1. Do you know which residues across segment 73-87 are crowded, with 17+ Cβ neighbours inside 10 Å and part of a helix (DSSP H, G or I)?
2. Of the conditions (1) at pLDDT 90 or above; (2) out of contact with any Phe, Trp or Tyr (no Cβ under 6 Å at 6 or more places or on another chain), Ser28 fails just one. Which one is it?
3. Are any residues in segment 41-67 under 12 Å from the mean Cα position of the chain (by Cα) and of a type in the set (Gly, Ala, Ser), and if so, which ones?
4. Go through segment 45-71 and give me each residue that's closer than 16 Å to Gln104 by Cβ, among the small types (Gly, Ala, Ser) and surrounded by 13 or more Cβ atoms within 10 Å (Cβ to Cβ).
Amino acid sequence: MLTTSSLSTNALSAFLILNKRRCNLQMSSILQQDLLQQLEQLQRDAEAALAQANNSEAIRTWHGEYLGRKGRLTGILRNLGSLSGEERPVVGKVANEVKTALEQALQERQVCHRDTLPEICGIPSIPLPMT
């Protein structure tokens, strides 16, 4: 067992630095896992909420809540800076995949919404000619 009296000052400094780095790596790894879990949960919540959005106003509200400047995804992305240089690209890639998936789901929902309820979206309904 090492004690402070048995270590030289340099060895003690090296020991403390290594322990600090180990702790920082563990904390950073925990933060990475937490952010990845938050992104997974965000995607599940957002997809469920979008499925419930049944009009233009609800879809706009959904966009603001999940993808807007003050939305939940942006809030998670603000924590990327606290990750290590090795972890940032991993979480960033997942965040981009989540954002892309949500944007695609939103686009599909808007197209579906316009096709089924054109008057609500501000698109006049044009009757097809009868032949």
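The values are calculated or read from the model by the stated rules, or taken from the named source; none is laboratory data. Predicted model only: the values in this text are computed from it and were never measured. Quick reminder, even Gly has a Cβ in these numbers, built from the backbone with ideal geometry, and neighbours come from all protein chains shown.
1. Residues satisfying the conditions are Leu73, Ile76, Leu77, Glu87.
2. (1)
3. Once the filter is applied, which keeps residues that are under 12 Å from the mean Cα position of the chain (by Cα) and of a type in the set (Gly, Ala, Ser), segment 41-67 yields only Ala46.
4. Within segment 45-71, Ala46, Ala49, Ala53 meet the criteria.
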